[in-house]
Amino acid sequence: MTDNNDLLTDHVEPEVGNSEEDIKREISETEKELDKLDAEIAVQDYRAAFNSVLDFLSKTSVHHAVEEKVFSGFSENQAQYIATRFVAAVNFLFLQKNFRLNEEGFRYLSPYHSNYSTMVYLTPFVNSDHIIRRVLNMDENGHYSDDIDLPSFLKLLFLWSPYSNVQLPFREFLEAYPQYMTPIILTSLRSLNYFEEHSHANREQIIQTLVDLGEYDLQFSTDYLASNAGSSWMNISYSTAANKYDAKYALNFSYKQWMKRHGVKEPSFPVVRGIKEKPVLGIMNEILNKNHAMFRCFGNTLIELGKRFHTIGFFFEGLGSEDVFDIFDEVVVFPHQQDAVKKIAGGVIKKKLDMLLYTSIGMNNIIIALSNVRLAPIQMAFMGHPSSTRSDVMDYIGVADCQMQYTKAFSEKIVNVSSSTPIIMLDEHRDIVKKGIKKNKKQLDIVVPSMVMKLNYEFLSVLGRIKSNVSRNICYHFFPNVSGISLLNARKIMRSILPNSVVHPPYGYQKYLDKLCECDIHFGPFPFNNTNGNVDSLVAGLPMVVLRGDPEKDGVESVADVIVLKNAGAPEEMIANTVDEYFDLACRMIDDNEFRESIVEKLNNLDLESSLFDNDGAVEATNALWDVYVNHDKYQESDVKYINIKDV
């Protein structure tokens, strides 16, 4: 038990608006749906049963942006009961030889592959391997006939998940049956957690398959399938493989083929450019409003860019707000529809840009696709999502000082845009009351304020070793920003690998900060670090343990923690250089009260308002973009890989 009961109150907190009576009524209605499904299977009305399965799956969600209509508000026991009934019915249905899943049925089912996989994990089954073995007539040694019919093959693909121990020949299946395998590859990379060793290994194997294929057309046969590729493209970054970014070549090539089918064409640009006094800079925004992390990181820079360039902000419906529109000289809002990609590309081209800047690439599927088309004579990306695009039309990527040595694997030319990133201070930061050292606590509460994608088997294994080796009682607090079945799934897995941990539901920002301030130590994930989570913990005065990535094998995402700490002037003692050092530092931070208190004292003496929130990074970034605009032709003709603002 913890002595800080406030931190645990949300462990099984019902979602707002769901009373006990509402939940009982929803369970009763859901049971009626499941009774109907059981009856349809019993009388062998397989078409009706299939439609019931599809309808049930369509009401579930594994993404916080999509409403969960089945499990919302259910306790873990209630959710497990409903999930087990549904999965048991699907298992029985799939074992019926007269239920023959055809191509059309598979096309309808496959978008919900990750939903179903997540639901299966909630049940005592964990995966569908026992059903896969029966579908394949697999013997006790794992052997089965290669001569299986199409319905059985499609059942196998839908039932397989990253949590399966049944091994699939990914490349063989993908090359032979891309129309069936591509949806499963994409939805498997969309799965939100890879906390356990075998799910982590399955994810790494899928990514290695894409790496080995190189420029290969995955055949995005529908706009919906193409829309699923975006989260897969982004989630590659959270892998631990050294060559993970090469997997983007297959996805980028597939995007190009999809856009060609939609009639997207690249314009021709003048061979000789004239240098304008105030050139037109298009700024592509995946999401931007004053409450979003992107504005916190890039708002000051966007404002500064308007002093040197005529800026046009490109937005998508629902992903930008009027509170940031006045930053730009012009604003264009496009429909957020996959089938509008030709219209969107044409709308950008019509603005006759001198330069196009992507503040981030990875959170919006249409923008990922467009980053593989030349829409302006000069194209550049910032590190809103820190990774290489692997796009052959992305000329430059702008990075901070500390990131330069971590870009060896990048395909773009590297521009050092600033020595530090100016982060916008929020009113909530000013209202934080630092709690300081909490004396006589029976247990230390350790926060990991990271999205679920950043949590992986290797990092969590280190947390397990730390817990086993320290003398103090500790409790890990995770803030993965997932809800519904994804939250329940994360809690179940975390309970098995890090017992007594707390996996919190999403909160409003102020409540999240309140929870953060109740904790004692911040642990940073690796290899993909935090940015804004670090800022929050620094403002709260939490001592931190972070890992500096190895520039010989890690990318820029592994040095984000260090950048924030260095910009803030935070104590170097909080930074480890190897996993072993991370382990030792974490154990010391927990067990050595005097050391931890000395770190807290140093943190409380930081002047974050001047070091972190008010620096010259925005001016430096603007100067760097101006230099790229003026000297683009020279840079492109040369073999120069790194462009350092300090040398300009």
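The values are calculated or read from the model by the stated rules, or taken from the named source; none is laboratory data. Quick caveat: nothing in here was measured; it's all calculated off a predicted structure. Neighbour counts run over all protein chains shown; Cβ positions are idealised from the backbone, glycine included. All accessible areas refer to the heavy atoms of the entire protein, side chains included, with ligands and DNA or RNA removed. Shrake-Rupley method; radii C 1.70, N 1.55, O 1.52, S 1.80 Å.
Side notes on the structure shown:
- Relative contact order of the range 469-510, pairs being alpha-carbon contacts under 8 Å that are 6 or more residues apart, as %: 52
- Distance distribution P(r), the range 572-648, all Cα-Cα pairs, bin width 10 angstrom from 0: 14, 25, 19, 22, 15, 3 percent.
- Bridgeable aspartates and glutamates around K69 (alpha carbons under 15 Å apart, same-chain partners fewer than 8 residues away excluded): E15, D22, E26, E29, E31, E33, D55.
- Among the listed pairs K352/K553; K260/K350; K32/K97, those whose Cα-Cα separation exceeds 29 Å are K352/K553.
- Fully extended contour minus Cα-Cα distance, from E597 to H198, at 0.36 nm per residue: 139.7 nm
- Residue-count net charge about S268 - beta-carbon cut-off 14 Å; Lys, Arg +1, Asp, Glu -1: +3
- Heavy-atom accessible area, probed at 1.4 angstrom with all protein chains present, ranks D129, D580 as D580, D129, highest first.
- Here the average projected area of the convex hull drawn through the C-alpha atoms of the chain stands at 29.2 nm².
- Pairs of Cα atoms nearer than 8 Å and 6+ residues apart set the relative contact order; for the chain it is 13 percent.
- Accessible area (Å², 1.4 Å probe, nearest 10) - R465: 100
- Ranked packing of 168-177, 565-574, most packed first, by mean Cβ within 10 Å: 565-574, 168-177
- E33, E458, ranked by accessible area, largest first (probe 1.4 Å): E458, E33
- Highest average packing first - 513-521, 636-644, Cβ atoms within 10 Å: 513-521, 636-644
- 5 angstrom amide H check on A576, placed H, neighbours 5+ away: V546, L547, R548
- Accessible area of D22 in the full protein assembly, 1.4 Å probe (Å², nearest 10): 40
- Rolled with a 1.4 Å probe across the full set of protein chains, the surface gives D616 an accessible area near 110 Å².
- Cα Rg, Dmax, the range 199-270, angstrom units: 13.7, 50
- Beta bridges per DSSP with both ends in the chain, % antiparallel, nearest 5: 0
- Reach of K307 by Cα under 16 Å, taken over aspartates and glutamates that are not fewer than 8 positions away in the same chain: E277, D326, D329, E330, D354, D616, E620, D627
- Cross-link partners for K492 among the aspartates and glutamates, with Cα-Cα distance under 16 Å and sequence neighbours closer than 8 places in the same chain left out: D10, E13, E76, E196, E197.
- In nm, spacing of pseudo-spin labels at V271 and R588 (7 Å Cα→C-beta vector): 6.3
- A protection proxy built from the mean count of other Cβ atoms within 10 Å ranks the segments 313-319, 597-603, most packed first, as 313-319, 597-603.
- The range 282-415: relative contact order in percent, alpha carbon pairs under 8 Å with at least 6 residues between: 21
- Carbon + sulfur, % of accessible area of the range 37-138 - ligands and nucleic acids excluded, 1.4 Å: 49
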